[in-house]
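Undergrad: Take a look at the following structure, please.
The values are calculated or read from the model by the stated rules, or taken from the named source; none is laboratory data. Source: prediction; values computed, not measured. Using ideal geometry, Cβ is built from the backbone for each residue, glycine included, and neighbour counts are taken over all protein chains shown. The protein model used for the area step is the full one, side chains on, heavy atoms only, and it has no ligands, DNA or RNA in it. Shrake-Rupley method; radii C 1.70, N 1.55, O 1.52, S 1.80 Å.
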Amino acid sequence: MCSGQLTRRYHSRSSLLEKYSTLKRRSKRKIQSRLSRISICKQKPTSIRFRCSLQNTILDVLRARPGWVEITTNDWDFCWCDKDWLNNPDECNFFPENSKVSHFLNFFELTRKNLMVKNLKRLRRQLERDSGKLEAQKCDFYPATFELPSEYHIFVDEFRRNPGTIWIMKPIARSQGKGIFLFKRLKDITDWKRGVEYQPQLQVTDASTAPIETYVVQRYIENPYLIGGRKFDIRVYVLVTSYNPLKAYLYRSGFARFANNRYSLDTIDDNYIHLTNVAIQKTAPDYDPEKGCKWSTQQLRMYLTAKHGQSKVNTLFQQMTNIFILSLQSCQRVIINDKHCFELYGYDILIDSNLKPWLIEINASPSLTASNQEDYDLKFGLLNDVLNVLDLENRLTGKEKKVGLFDLMWDDGPVFLEDNGNEDLVKAQTTLTNAKLGCVNDRLQNLKEIYQTAEVFKKLN
């Protein structure tokens, strides 16, 4: 082959490569252009920057989230903080646009024991004034409660009107069962008043710098529902994404926490009988960390249904849903609503022997540390679904009634069960909200369906 032919072939090949490169660049630009249009349409960031002040399950969830990047600076999109972080004015004066933070600024209006009762009493008075005593009775889901020391004399009058009643003392701002004790004699509380625990200023040199710690005293529920002779309460998770208007979700999964010892009123100073906090029960000599003294809410609901029938159990769980809604409404006007804030509450509910639910307390920072693998799986799924509901990736339509195991129970009004062609269900819609605590649901299948539906919806719009 002559040199001229080689030269022509070389130039021809170079020309083809150049055209191919040009087409490739154009194709790449078209793809990038389409992707950018899709990205702009969905407003989806390339990555979501997060900060986390906790070292437990939530950090595992955030690090495993696709496209989420951990940072230590203040230019975050998402911040899971502890409650003390909110006391720092430098951090809380300004939240970045479109960011989310894990507490409302005055979250304690619902979770501090004395303020919770104060707000519930105010709601009860309002309902009685606006709608009568019958409507106000819907708020009769918490025991008689008094704040000490400010309401000590009122409590003494109530105590003397009900001789032999057992009462329980709780510090308003502590958790994990710390500082709680039962009593049934005024002498017990008189001795306690003189103690260092009631007057923490006795522990410091300058007494003027430490105020007296506030407690609440509640009538003890002496007839709890027992399973296997043991007392239990139920931990339920409620997610609030807005207080004005109120928008709240109920998580289907939770757990019942059992006392380690069989129930008896013969002794009231045994915490392994009367307190169900895991932090206390795990210190029992015969505590089994694998079993953990827990049932899932699904197990509990099936047990109660088998024993009492579906109708009674449905009524019980609907009453629990009403507790969640009314308690949130009680502080709706005093909570500082901020579009950047959300709150994951841990409700503690006790059922008595008459199948009546009682609100014991509400936690703003429910424990996210797992006690075993089953507990870890529950909390990992819970926290992932919190992020799915918040939808920082902008993958949902915003109209979903169910996201993972979260059911939307209130959206500026009650959210009722959907009509699936069942006439009995349609008739019951006036009382049954879209909350299915303890019901079984395929979480991953639900997420797959709602994301596919949302993608189609967005393409059509």
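Undergrad: Mind scanning LYS83/LYS113; LYS121/LYS401; LYS294/LYS401; LYS356/LYS379; LYS307/LYS436 and naming the pairs with a C-alpha gap bigger than 25 Å?
TA: Checking Cα-Cα distances, LYS121/LYS401; LYS294/LYS401; LYS356/LYS379 exceed 25 Å.
Undergrad: Ignoring everything but the protein chains, give the 1.4 Å probe accessible area of HIS274 in square angstrom, nearest 10.
TA: 10
Undergrad: Positive end of the dipole of the range 255-398, charges at C-beta (+1 Lys, Arg; -1 Asp, Glu), about the Cα centre: which of THR369, GLN332, PHE317 has its Cα farthest in that direction?
TA: Checking the options against the dipole of the range 255-398, the answer is PHE317.
Undergrad: Still on this structure, please answer the following. Which ³J(HN,Hα) values, rounded to whole Hz and listed in residue order, are derived for the range 229-235 from phi using the Karplus coefficients 6.51, -1.76 and 1.60 in 6.51 cos²θ - 1.76 cosθ + 1.60 with θ = phi - 60°, glycine and proline given as x?
TA: Coupling constants for the range 229-235: x, 10, 6, 8, 10, 10, 8 Hz.
Undergrad: So what does MET302 come to for accessible area, using a 1.4 Å probe and Å² rounded to 10?
TA: Ignoring ligands and nucleic acids, MET302 comes out at about 130 Å².
Undergrad: Measuring from centroid to centroid over Cα atoms, what is the spacing of the range 239-282 and the range 379-416 in Å?
TA: 24
Undergrad: Out of residues 5 or more away from TYR243 or on other chains, whose amide H comes under 5 Å of its own, with H placed 1.01 Å from N in the peptide plane?
TA: Under 5 Å from the amide H of TYR243 lie the amide H atoms of ASP338, each far enough along the sequence or on another chain.
Undergrad: Here is a further query. Using per-residue counts of other Cβ atoms within 10 Å, averaged over each peptide, order 378-384, 235-241 from highest down.
TA: 235-241, 378-384
Undergrad: Can you give the extra length, in nm with one decimal, that the chain gains between CYS439 and ASP391 once fully stretched, where that is 0.36 nm per residue apart less the Cα-Cα distance?
TA: Going from the current span to full extension adds 14.9 nm.
Undergrad: Collect residues whose amide H, placed 1.01 Å from N in the peptide plane, falls under 5 Å from the amide H of TRP68; neighbours closer than 5 in sequence don't count.
TA: Placed amide hydrogens put ILE48 under 5 Å from TRP68.
Undergrad: Keeping the other protein chains in place, figure out the carbon and sulfur percent of the accessible area of the range 340-411, with a 1.4 Å probe. Before the final figure, lay out each step's value.
TA: Values: 1060 of 2230 Å².
That fraction is 48 percent.
Undergrad: Given a Förster radius of 35 Å and the C-beta distance between LYS282 and GLN137 as r, what FRET efficiency does 1/(1 + (r/R0)^6) yield to the nearest 0.05? Show your work: numbers first, answer last.
TA: Details: r = 38 Å, r/R0 = 1.09.
With R0 = 35 Å, the Cβ-Cβ based efficiency is 0.35.
Undergrad: Additional query: How large is ³J(HN,Hα) for each residue in the range 160-177, as worked out from phi by the Karplus curve 6.51 cos²θ - 1.76 cosθ + 1.60 (θ = phi - 60°), to whole Hz, x for Gly and Pro?
TA: Here the 3J(HN,Hα) series is 6, 6, 10, x, x, 6, 8, 10, 10, 9, 9, x, 6, 10, 9, 9, 6, x Hz.
Undergrad: Just the accessible area per residue of the range 294-420, please: how many Å² with a 1.4 Å probe? Each step should come with its number before you reach the end.
TA: Numbers: 5100 Å² over 127 residues.
I get 40 Å² per residue for this part.
Undergrad: So if I take the centroid of the Cα atoms in the range 218-235 and the same for the range 110-178, what is the distance between those two points in Å?
TA: Value for the Cα centre distance between the two parts: 19 Å.
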